[in-house]
Structure formats: C-alpha cells, structure tokens
C-alpha cells in the first residue's frame with residue numbers, strides 16, 4: 001500500500017474520490033521506465049537505486065505519481081546485507097585490530113589485508129579486503145544490496161497503484177457496511193478468513209441464499225482517531241475483489257486542510273469497480289488434514305458424495321462455514337467440520353458457534369491431541385455428532401456415524 005503522503009484524492013461534497021490511472025500508452029510508458037530502472041539496479045545498493053530514481057523523477061510535476069509507483073516496486077524487492085561477517089562483528093574485529101597500530105592510510109590497508117587473511121582461514125573461503133571494506137556498514141539501509149526483484153508487468157503495476165489509492169481511502173474509516181450478495185460459498189469463506197486474519201471487528205447478518213451484510217467498525221469509532229484499524233480495513237479490500245458480487249459504503253474521518261478539524265467523508269465501491277487484486281485466490285483446502293481426508297474419501301466406493309464448502313450456517317452476528325457436506329442419493333445430508341486447530345481462543349469460538357447454530361445435521365471430527373478441558377470447552381451440551389481421531393481422519397469413521 002501507499003503511505004499517506006503519496007495518496008491523491010479529491011472531494012466532491014462529502015464524497016472522496018481517489019486518483020486512478022488509465023491503462024493507456026502514456027502511463028504504461030512511465031511504469032515501464034520505472035520497472036526497467038529497478039531491473040538495472042539488481043546487484044547494486046539501495047542508495048544507488050534511490051539516486052537513479054531521483055534522476056528519473058527530476059523536476060517533473062508528476063513526481064508523486066512516480067514516487068508512488070517506485071514505492072510499490074520496492075515492496076517487490078529483496079535487499080540483503082552482503083558482508084563476509086555480520087557487520088557489527090566485522091566492525092569489532094576491524095576496530096580491535098586497527099587499535100594496535102598508529103592510524104595511517106598504509107596501516108589501514110595492512111589491517112584490511114591481515115583481517116582478510118584471518119577470515120579466509122576461519123570461513124574456509126577467500127575473503128578479499130574490498131569485501132571487508134564494503135561489509136563494514138552493509139547493515140545500513142542505503143548499503144543493502146538489491147538481490148532479487150519480482151518484476152511485474154507495466155499493467156500489473158498500474159493496477160496495483162489504482163488499488164493502493166483506493167485502499168488509502170480506508171485509512172480513516174470509522175465504519176464500513178459491506179453487502180456481499182449471493183455468491184459461491186468458497187468466496188464467502190475467503191472473505192471471512194481475511195476478516196479474521198486482519199482482526200476486524202465485524203457483525204454479520206444474512207444467509208447464503210440472499211447474501212450477507214457485514215458491518216465493520218474502524219479505528220475512529222473507538223476511543224480516538226487512529227490509522228491502526230483503518231490499515232486493517234484497507235488490507236482486506238484486495239480479498240473482497242475475489243468475491244463476485246458486492247457493494248460497500250464507508251464513513252470516513254478526515255482532517256480539514258484549513259482548520260485542521262475532523263470532518264466526515266463518504267466513500268462507496270462495488271464489484272463493478274474494475275480494480276484488480278494482487279492477493280491469491282482461496283486455496284482449495286485450509287489445511288493438509290482436510291486435503292488428506294478428501295483424498296482418502298475419493299478412494300472409497302460409497303454412495304455418499306463429499307462436497308467442499310457448499311453450505312453456510314448463519315448464526316447471530318456471525319456465520320459458520322463447515323469444511324464439507326456429505327450427500328446421499330436418498331436425500332440425506334450432513335455437514336462435516338474438522339477441528340484440528342489447537343489455540344484455546346479458536347476452540348472456544350468454534351464450539352460457541354456450534355451451540356448457537358443449533359444444527360442436528362452437523363458432525364464434528366475432533367483431534368484427540370486437543371486439550372479441550374484446558375481451553376474451557378465442555379462437550380456435554382454440543383448439539384452435534386462427534387468423531388475422535390488421532391493423526392488422521394479416516395473416512396470409515398465418518399461412514400460409521402452416517403450409517
């Protein structure tokens with residue numbers, strides 16, 4: 001994402017409109033120029049790259065655009081400390097050795113030669129004096145070496161820039177109301193997973209057939225304006241782009257340029273926004289445990305059909321998405337949830353969801369390795385069929401419950 005100083009928005013009444021670049025020849029040329037600059041800087045230091053970018057920027061009036069694109073490209077770079085020894089240890093060795101003689105240019109050269117010989121013997125590889133000299137302060141940001149650059153296409157860079165400008169709107173979000181219309185259940189699960197990942201406080205209402213309304217409270221709805229929670233909302237937006245049909249409206253708290261007072265802004269967005277996500281789509285399975293179970297089920301000769309993430313179970317203020325559904329040709333069906341994760345907070349939330357769902361067609365497969373008692377979980381009032389397993393969940397154990 002972009003820092004606040006590189007965001008470009010304009011106001012239309014209370015509505016905030018972020019800057020978005022056209023994917024045209026002019027902007028593609030600027031993107032290509034910057035990408036080539038980073039590509040040519042491989043093997044050089046970050047300081048050398050910054051000087052190249054400064055020359056490229058020059059006195060151009062669109063310097064903020066170029067700085068924004070360069071900022072995004074830096075996130076695709078790996079800068080490493082290149083030194084024969086950890087720089088702080090190397091400095092200690094050099095200073096200790098040089099303190100034994102009177103400082104001079106000739107003596108400095110002898111010190112480097114002597115230490116290079118010592119390190120060559122200690123490390124069992126050749127170390128030359130120039131490597132020591134370069135490595136002395138290799139841990140400073142400007143001296144770190146660009147070792148890898150995950151080069152995007154110009155189109156990908158412009159798309160990421162447009163998305164970052166939109167994400168920046170949410171830095172000051174005080175509330176967001178998201179309507180996720182009827183979608184594939186797996187898309188919902190990806191969205192809810194990112195809500196949990198970024199620790200967003202969300203209240204969820206609705207059902208799979210009609211869609212869900214998700215209310216998210218942001219930073220400024222807490223005790224005082226802060227970008228911490230707004231950043232989490234912004235990080236969630238690329239995940240939302242993987243959902244087929246949705247719309248959102250956000251209430252923002254922004255500073256007045258002239259009075260420095262807080263004022264309310266509005267922003268809306270929907271699935272027709274033409275933004276492109278750089279987040280990967282959802283994985284077929286959440287864990288190796290689920291994937292292994294599905295693979296073993298495929299080898300069975302059973303009338304029961306295993307389906308992946310096809311049902312959403314609405315519960316007050318939230319939603320539960322079981323891992324599998326098992327369907328029989330005679331019309332019977334059961335939901336299967338595999339509980340193999342050990343964190344107490346997760347277990348408490350999971351079993352609270354099961355109780356609130358009040359489903360009589362739910363099967364819980366629980367790992368024997370979990371210490372439910374320590375997590376404060378009591379199974380006596382859980383309205384579900386329970387299967388215990390050790391290292392792997394066997395289909396035969398599930399079939400025994402089904403039959």
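What are the residues in region 5-27 that are assigned to a helix (DSSP H, G or I) and under 15 Å from residue 72 (Cβ atoms), if any?
Result: 5, 6, 27.
Tally the residues that are assigned to a helix (DSSP H, G or I) and closer than 18 Å to residue 142 by Cα, restricting the search to region 73-89.
Residues flagged as assigned to a helix (DSSP H, G or I) and closer than 18 Å to residue 142 by Cα within region 73-89 amount to 4.
Of all residues being in a loop (DSSP other than H, G, I, E, B) and touching a residue at least 24 places away in the same chain (Cβ under 8 Å) in region 119-140, which is nearest to the chain's Cα centre (by Cα)? Just the residue, please.
139
Could you list, in sequence order, all residues of region 50-78 that are under 30 Å from residue 126 (Cα atoms) and either out of contact with any strand residue (DSSP E or B) (no Cβ under 6 Å at 6 or more places or on another chain) or surrounded by fewer than 17 Cβ atoms within 10 Å (Cβ to Cβ) (or both)?
78
Just to be sure, is residue 267 surrounded by fewer than 22 Cβ atoms within 10 Å (Cβ to Cβ) and at pLDDT 80 or above?
Judged against the criteria, residue 267 is a match.
The values are calculated or read from the model by the stated rules, or taken from the named source; none is laboratory data. Quick caveat: nothing in here was measured; it's all calculated off a predicted structure. Glycine gets a Cβ as well: all are built from the backbone with ideal geometry, and neighbour counts include every protein chain shown.
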